Amino acid sequence: MENSLIDFPANSDERGSLIALEQFKNIPFEIKRVYYLFGTKHDKARGFHAHADLEQVLICVSGSCKVRVDNGKKKTEYELNKPNQGLFIGKYIWREMFEFSADCILLVLANNYFDENDYIRRYEDFQLEVSKFYTK
Ligand code: T46
């Protein structure tokens, strides 16, 4: 699975809404790490890398941002603006996050611990490695 939007059913009543995220239920992997981006700037894009061995789900729990994902052949753009929707990003997918709203909080669930060696930060390296990955 490369990328897909996941809708999370909310438990909503007159007090508001609650969403639970559970590994192997509505999150398609074991959750080993959770981090979040905040204080982001509308004109400061982030990302610009891929991962060799990491799957993640990105959820804009407040505000909005855009995410461009690239599998080496096709680029797709998503706007994340709902706390009840997540974007799954698989292995060997180049990602760029941009146009963050002032109130954006981007929550990320990951299936592995932080490892700088897992990052592919040069687009040329990504193009080379992604073609090998998909011809395996
Ligand atoms: C991704 C997008 C959505 C850590 O120390 N631990 C962590 O778990 C992470 C994610 C980052 N860091 C350090 C590494 C850098 O020194 O925090 C600093 C900022 O990380 P980075 O420049 O990679 O942040 P983004 O917003 O470009 O990308 C991050 C994730 O790194 C990446 O995996 O998919 O968010």
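The values are calculated or read from the model by the stated rules, or taken from the named source; none is laboratory data. As the structure is a prediction and not an experimental result, all values here were calculated from the model. Neighbour counts run over all protein chains shown; Cβ positions are idealised from the backbone, glycine included. Note: areas computed on protein heavy atoms with side chains; ligands, DNA, RNA excluded. Shrake-Rupley method; radii C 1.70, N 1.55, O 1.52, S 1.80 Å.
Figures for the structure shown
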item	result
Per residue accessible area in Å² of the chain, where ligands, DNA and RNA are left out and the probe is 1.4 Å	59
Carbon plus sulfur fraction of accessible area for the chain, probe 1.4 Å, in percent	49
Accessible area (Å², 1.4 Å probe, nearest 10) - SER131	60
20 °C / 1.002 mPa s Stokes-Einstein diffusion coefficient of the range 17-113, Kirkwood radius on C-alpha pairs, µm²/s	157
Proximal charge balance of LYS32 [Cβ under 13 Å; K/R count +1, D/E count -1]	-4
Extreme residue, positive dipole direction of the chain, given options ILE89, SER12, GLN127 (C-beta unit charges)	GLN127
Förster-model FRET efficiency, 35 Å R0, LYS32 and LYS82, C-beta, rounded to 0.05	0.90
Chymotrypsin sites (Phe, Trp or Tyr not before Pro) within the range 80-136, DSSP loop, no more than 13 other Cβ atoms inside 10 Å	TYR113, PHE114
Amide H contacts of GLY72 (H built 1.01 Å from N, under 5 Å, at least 5 apart or other chain)	TRP94
Interchain or long-range residues, amide H under 5 Å from ASN112's placed H	LYS32, ARG33, GLU55
Hits among lysines - C-alpha to C-alpha of LYS66 under 25 Å, sequence gap 8 or more where chains match	LYS32, LYS41, LYS44, LYS74, LYS75, LYS82, LYS91
Derived scalar couplings ³J(HN,Hα) [the range 41-56; Karplus, 6.51 cos²θ - 1.76 cosθ + 1.60; whole Hz; x for Gly, Pro]	10, 4, 9, 10, 6, 10, x, 6, 7, 10, 10, 7, 9, 8, 10, 9
Backbone HN-Hα couplings from phi across the range 2-16 [Karplus 6.51/-1.76/1.60, Hz, Gly and Pro as x]	8, 9, 6, 8, 10, 9, 9, x, 9, 8, 10, 8, 5, 8, x
Rounded FRET efficiency, nearest 0.05, which uses the C-beta distance separating GLU2 from SER64 and R0 of 22 Å	0.45
Pairwise label distance in nanometres, SER12 with ASN117, each label 7 Å out on the Cα-Cβ vector	4.6
Rounded to whole Hz, the Karplus (6.51, -1.76, 1.60) HN-Hα couplings of the range 17-26, x for glycine and proline	10, 9, 10, 9, 10, 10, 4, 6, 10, 8
